[in-house]
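Chemist: The structure follows.
The values are calculated or read from the model by the stated rules, or taken from the named source; none is laboratory data. Given the structure is predicted, the values throughout are model-derived calculations rather than measurements. When we count neighbours, we look across all protein chains shown, and the Cβ atoms used for this are built from the backbone with ideal geometry, even at glycine.
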Amino acid sequence: MTSRILHRGRTAPPVARGGKGPWLHLADGREILDASGGAAVSCLGHGHPAVVAAVQAQVGALEYAHTGFFTNEPAERLAEMLVGHEPGGLSHAYFVSGGSEAMEAALKLARQHFLEAGQPQRTRFIARRQSYHGNTLGALAAGGNAARRAPYAPLLADSFSHVSPAFPYRGMRDGEDEAGYVARLAEELEAEFQRLGPQNVAAFVAETVVGATAGCVPPPAGYFRAVRAICDRHGALLILDEVMSGMGRTGTLHAWEQEGVAPDIQAIAKGLGGGYQPIGAILMNERVLAPIMAGSGAFAHGHTYLSHPVACAAALAVQEAIAKDGLLERVRTLGARLEAGLTERFGNHRHVGDIRGRGLFQAIELVEDRATRRPFDPARKLNLRIKEEALARGLAVYPGGGTADGVAGDHILLAPPYTATEAEIDLIVARLGEAVDAALAA
Ligand code: PMP
């Protein structure tokens, strides 16, 4: 059968027809262990009965009502659940249809905040190299993934500048300790504020734990406290992108809870709805909203599918399952097992340079030479070969890196569902081990 869909490659990938827990059932009869939930989306796995039932009930009760006229119950309940009892003072939610839309909204909300606060000159955003914030033009401009940006460079807003990522494996110098590394990154950020004029900076934008571009990189201790202090000193907002790392993936509902800071605006998506519906959101604090509510009274932004009732009902059911079934605790337990399994399997592997991550968000980075940390030649496309070898062994993993900028090596990202069993976690490690060795031998 020829496909009329514009796929990612010349040929159509296999057809996925069903799924149960971490398993995907293909139309050709194969069963695939879904170890990354796509790109860290399927936090409850596939076919979760309570979420399926919630979606079915909501689509029967109310499928859609435009937010220009109405609000709806699932959206209100989801907002209450997400920000009603926040540790970090986040007070309001704004529901969109995915991660890129969330990041667009975050950037525009920051801009409007300063316009209405009487600081219209704050038009600059500082983000980081090797970051990914989405594929729409605004979010792509914020991102620092050189390969993804390159074809669209002439179309991207130039109000974004990029500083070094917090990436200990590749960024820390010989003899430098973590505190020294953090101090150096903070100095660089401070210098960028000074270069732009601190009064011109609207926000600093970062993924709390870096996802797709570098592969599950947690920040060094104290990094976000240093960043928060710099933003506060200069009156800029802190926007954290937890589209991939948020909603329990790292073992706390928000990854920033482990950093001792809270953002002013936060983007979430993927694990929010667990893939049962397309949904993303921004969460924000009162400080961000205050001048807008005292001024125009409305966020000057919007989409047709804001607060979509079925999407919000799905996300509400996902988040209720996470809370009711104690799944954050489970992420911490299973995450430790996954990390230990990867360390046992790859800790002495001559081509695995780094094993890193947090909770059920773990990656291995492949290097040609462990001593020098030299990545493989990107032309070898090692990460894609591993993906293929894994798929041939009934395992889906998320490949990345190996780009021509050579900064992040090939890596494989794992993000299994919070509902996986111990045996399934062990099977992921075993199959990945075989796939890595097969790809290297090819
Ligand atoms: N931010 C981050 C950190 C992401 O990982 C992604 C998706 N990989 C996005 C934003 C964009 O989300 P979406 O693909 O849902 O638009």
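Chemist: Report, by residue number, each residue of the stretch 388-412 that is within 12 Å of Leu366 (Cβ to Cβ) and not acidic (Asp, Glu).
Modeler: From the stretch 388-412, those within 12 Å of Leu366 (Cβ to Cβ) are 399-402, 408-412; that's our starting set.
If the condition is that a residue be within 12 Å of Leu366 (Cβ to Cβ) and not acidic (Asp, Glu), then Pro399, Gly400, Gly401, Gly402, Ala408, Gly409, His411, Ile412 are the ones that fit.
Chemist: Please work out which one of (1) touching a residue at least 40 places away in the same chain (Cβ under 8 Å); (2) within 30 Å of Glu434 (Cβ to Cβ); (3) away from the ligand (no atom under 16 Å from the Cβ); (4) outside any loop (DSSP other than H, G, I, E, B) is the condition His349 fails and give its number.
Modeler: (4)
Chemist: Here's something else I'd like to know. Among the residues of the stretch 316-343, how many are surrounded by fewer than 15 Cβ atoms within 10 Å (Cβ to Cβ) and within 16 Å of Ile268 (Cβ to Cβ)?
Modeler: Selection size over the stretch 316-343: 1.
Chemist: Suppose we keep only residues that are closer than 19 Å to Pro220 by Cβ and among the β-branched types (Val, Ile, Thr) within the stretch 235-292. Which one would you say is nearest to the ligand (Cβ to nearest atom)?
Modeler: Thr250
Chemist: Any residue at all in the stretch 291-306 that's without any contact (Cβ under 8 Å) to a residue 40 or more places away in the chain, surrounded by fewer than 24 Cβ atoms within 10 Å (Cβ to Cβ) and not in a loop (DSSP other than H, G, I, E, B)?
Modeler: Among the residues of the stretch 291-306, at least one is without any contact (Cβ under 8 Å) to a residue 40 or more places away in the chain, surrounded by fewer than 24 Cβ atoms within 10 Å (Cβ to Cβ) and not in a loop (DSSP other than H, G, I, E, B), which makes the answer yes.
Yes/no per residue for (1) within 24 Å of the chain's Cα centre (by Cα); (2) small (Gly, Ala, Ser); (3) modelled with pLDDT of 95 or more:
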{"site": "Glu344", "(1), (2), (3)": "no, no, yes"}
{"site": "Thr372", "(1), (2), (3)": "no, no, no"}
{"site": "Tyr398", "(1), (2), (3)": "yes, no, yes"}
{"site": "Val407", "(1), (2), (3)": "yes, no, no"}
{"site": "Leu414", "(1), (2), (3)": "yes, no, yes"}
{"site": "Ala438", "(1), (2), (3)": "no, yes, yes"}
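Chemist: Please specify each residue of the stretch 158-200 satisfying the condition of being outside any helix (DSSP H, G or I) and under 22 Å from the mean Cα position of the chain (by Cα). Let's see the steps before the verdict.
Modeler: Applying the first criterion (outside any helix (DSSP H, G or I)) to the stretch 158-200 yields 158-167, 172-177, 197.
Selection gives Phe160, Ser161, His162, Val163, Ser164, Pro165, Ala166, Phe167.
Chemist: Does Phe95 satisfy the criteria of being away from the ligand (no atom under 12 Å from the Cβ) and assigned to a strand (DSSP E or B)? Give the steps one after another, and end with the answer.
Modeler: Details: away from the ligand (no atom under 12 Å from the Cβ): yes; assigned to a strand (DSSP E or B): yes.
Answer is yes for this residue.
Chemist: Considering Pro87, Pro120, which residue is of a type outside the set (Gly, Ala, Ser), over 26 Å from Gly60 (Cβ atoms) and modelled with pLDDT of 95 or more? So that I can check it myself, show each step before the final result.
Modeler: Numbers: Pro87 fails: modelled with pLDDT of 95 or more.
Only one candidate passes the filter, namely Pro120.
Chemist: Let me ask you something else. Farther than 17 Å from Gly271 by Cβ, surrounded by 17 or more Cβ atoms within 10 Å (Cβ to Cβ) and within 24 Å of the chain's Cα centre (by Cα): which single residue out of Ala93, Ala39, Ala75 fits that description? Lay out the reasoning, then the answer.
Modeler: Numbers: Ala93 fails: farther than 17 Å from Gly271 by Cβ; Ala39 fails: farther than 17 Å from Gly271 by Cβ.
Just one listed residue meets the conditions, Ala75.
Chemist: Regarding the stretch 176-193, can at least one residue be identified that is in contact with a Leu (Cβ under 8 Å, 6 or more places away or on another chain) and either modelled with pLDDT under 95 or assigned by TED's automatic domain parsing to the domain that holds Leu109 (or both)? Walk me through how you get there before you give the answer.
Modeler: Residues of the stretch 176-193 that are in contact with a Leu (Cβ under 8 Å, 6 or more places away or on another chain), as a first pass: none.
No, the stretch 176-193 has no match at all.
Chemist: Which of the strands (runs of 3 or more DSSP E) found entirely inside the stretch 1-83 contain at least 1 residues meeting this: basic (Lys, Arg)? First the steps, then the outcome.
Modeler: On the way: elements: 16-20, 23-26, 31-34.
Hits in the stretch 1-83: 16-20.
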